[in-house]
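Q: If you scroll down you'll find the structure; I have some questions about it.
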Amino acid sequence: MTDTHQIEAVVIGAGVVGLACARALALKGREVVVLERHGAIGTETSSRNSEVIHAGIYYPQGSLKARLCGAGRAALYDFLETRKLPHRRLGKLIVASDAGEAQALDGIAGRARANGVVDLRALTGAEARALEPALRCAAALLSPSTGILDAHAFMLALRGELEDAGGAIAFNTEFARAERGADGFVIHAGGTRLKTKLLVNAAGLAAARVARAIKGLDAGHVPALHFARGNYFSCAARAPFSRLIYPAPSGDGGLGVHLTLDMGGAARFGPDVEWLAESGTPDYTVDAARGEAFYAAIRRYWPALPDGALAPAYSGIRPKLARGDSDFAMAGPEAHGVPGLVNLFGIESPGLTASLAIADEVVGMLEDF
C-alpha cells in the first residue's frame, strides 16, 4: 500500500510561473512541494521564448495580460536589480513599413496609454533611423521600458528562494490524478500519494489535461487550449541594432517576426506562428524551409539581411485560449467552487514578465484556505 504524505500546498509545474507561485506561497509560511515531470526547471515554454521583459503595450485594457504585465514588469525589474541578475533595459522599436502600418501604430500607442505605459514615444522614420541607421521604416514607436533578461538565471533565483523558505521540488514526478475530499486533495503522482489543502495547477502546456484529471472539478471549467509553435532562427551576420525591433502586429496571435538580442548581443529572429494539435509529447522541430518566409518578413525592416545568414535555432510552444489573440485565465475557488484550487490556463507571453504578479494573485486567491 502506498504511503500518503501530508503537505500544505502542491504546485504542479516548475516553469517560471510555477516557481514564482511556489516561492510566494513559501514566503507566506506555507509548506510547499512542486511536482515537475521533467528532470530540471523551466524546460518547456519558460526556456523557449524571446526572454523579453515586456512593457505591456498590446493587450486590451482591463485584461489580465495588461494588468499583470504592468505590475509584473515593475516587480521583475526590481527583483533583477536587487539580486544583480543579468538583464538589460535596452528598449525596443515597433516599426511600420508603410503608411497603412503607420496608422496602426496610433492604435497601439492608445492601447499602451490605457494600460498605463506612459513612456512610449512616436517617431518619424527619420527619427527611428537616427537611433538605428540600418533600419527601414515609415514610422515607429519607441518603448524605453522593454528589456531582456537571462530567464534561466531568474528561474534559478526563484528556485533558490523557494528552497531557502523551506519549499522543495520533486523532479521526474508526473501528476496523474487528484480527488477532492472533505478536507483537501489526494494527489497521485510518480507512484507517490500526497494529501494537500492547496493545489495550484501551473502545468503550462499540460494545464488542461491536469485539470481534467482533478475529480471534483466540473469539466465545464476546463477550457480547450490551442497550441502555437513559434520557430526561431539565429543569424550568422552581426545584426547592426542596439534595440529590439518589432514589426506592427499581424493579428494572428503573435507579434510578427521580430529581432531580439540575447545577453551577449547576438541577434535571433522569431517567433512565427504554427498551429499544432494537442500532444503529450511536444514537438520542437524547426523546419529549415520556414526560413524563406523569415527572410521576407525581416527585410521589410532590415533590407541588408545577407542571403544565407539565417539558421534554425529553437522553437517554443505556447498554450492559448484561442487561435489568435487571447487572455490569461486564472480560475480560483470563486470561479469553479472547488476550495483550495487554482487553475492557470493560457499562460503564454507575457507570462515571463508577469510571473511575479501572477504569483501574488494566486496567493491572494488562496489566502482564506
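Rule-based calculations on the coordinates, nothing more; no lab input. Everything numeric here is computed off the predicted structure, so don't read it as measured data. Glycine also receives a Cβ, built like all others from the backbone with ideal geometry; neighbour counts cover every protein chain displayed.
Q: When DSSP beta bridges are limited to those with both residues in the chain, what percentage is antiparallel, rounded to the nearest 5?
A: The antiparallel fraction comes to roughly 65 percent.
Q: How much mean residue ellipticity at 222 nm does the chain get from its helices, if each DSSP H run of length 4 or more adds -39500 (n - 2.57) and you divide by all residues, to the nearest 500 deg cm²/dmol?
A: Result for the chain, helices only: -8500 deg cm²/dmol.
Q: Let me ask another. With each pseudo-label sitting 7 Å past Cα toward Cβ, what's the D78-T4 distance in nm, one decimal?
A: A separation of 4.1 nm, rounded to one decimal place.
Q: Now for a different question. Karplus couplings for the stretch 186-203 from phi (6.51 cos²θ - 1.76 cosθ + 1.60, θ = phi - 60°), rounded to Hz, Gly and Pro as x?
A: Karplus values, whole Hz, x for Gly and Pro: 10, 10, 10, 8, x, x, 10, 10, 10, 10, 9, 8, 10, 9, 10, 8, 10, 7.
Q: Something else about it: Under 1.5 on a/c is rounded, so check that first for the stretch 87-140, then, if it is not, pick prolate when a/b is larger than b/c and oblate when it is not; a ≥ b ≥ c are the square roots of the alpha carbon gyration tensor eigenvalues.
A: The shape class here is oblate.
Q: For H258, which sequence-distant residues (separation of 5 or more, or a different chain) have an amide H within less than 5 Å of its own amide H, given hydrogens modelled in the peptide plane?
A: G270
Q: Among rounded, prolate and oblate, which fits the stretch 1-147 when a ≥ b ≥ c are the square roots of the eigenvalues of its C-alpha gyration tensor, a/c under 1.5 means rounded, and a/b larger than b/c means prolate?
A: Prolate is the answer for the stretch 1-147, as a/c is 1.5 or above and a/b outweighs b/c.
Q: At 7 Å along the Cα-to-beta-carbon direction for both E278 and E292, put a label point, then send me their distance in nm to one decimal.
A: 3.4 nm
Q: Excluding residues fewer than 8 places away in the same chain, name every one of the lysines whose C-alpha is closer than 18 Å to that of K65.
A: K65 reaches K320.
Q: Right, here's the next one. What FRET efficiency would be calculated for the residue pair A335, R193, taking the C-beta separation as r and a Förster radius of 30 Å, to the nearest 0.05?
A: Calculated value: 0.65.
Q: Taking 8 Å as the Cα distance limit and 6 or more residues as the minimum spacing, I'd like the relative contact order of the stretch 309-369 as a percentage.
A: Value for the stretch 309-369: 31 percent.
Q: Moving to a separate point now. So how do 129-138, 8-17 stack up, highest first, on mean other-Cβ count within 10 Å?
A: Packing proxy ranking, top to bottom: 8-17, 129-138.
Q: Between A176 and residues 5 or more places away or on another chain, which pairs have amide H atoms under 5 Å apart, with H built 1.01 Å from N, and which residues are they?
A: Residues meeting the criterion, in which the H sits 1.01 Å from N, are H188, A189, G190.
Q: Placing +1 at every Lys and Arg Cβ and -1 at every Asp and Glu Cβ, with all other atoms neutral, what dipole size does the stretch 91-167 have around its Cα centre, in debye to the nearest 20?
A: The calculated dipole for the stretch 91-167 is roughly 300 debye.
Q: May I ask you to derive the relative contact order of the stretch 1-62, considering only C-alpha pairs under 8 Å and at least 6 residues apart, and to give it as an integer percent?
A: 33 percent
Q: Taking each full run of DSSP H in the chain as one helix, which ones are at least 18 Å long along their axis (Cα atoms) and have mean Kyte-Doolittle hydropathy of at least 1.0?
A: Those that pass (Cα extent of 18 Å or more, hydropathy at least 1.0) are 351-366.
Q: For the chain, what class follows from the C-alpha gyration tensor (a ≥ b ≥ c being the square roots of its eigenvalues): rounded when a/c is under 1.5, otherwise prolate if a/b is larger than b/c, else oblate?
A: Prolate, since a/c reaches 1.5 and a/b exceeds b/c.
Q: Any idea what diffusion coefficient the stretch 140-218 gets from Stokes-Einstein, in µm²/s, Kirkwood Rh on alpha carbon pairs, 4 °C, 1.567 mPa s?
A: Rounded, D is 84 µm²/s.
Q: Considering Cα pairs under 8 angstrom that are at least six residues apart, work out the relative contact order of the stretch 213-318 and quote it in whole percent.
A: Relative contact order here is 38 percent.
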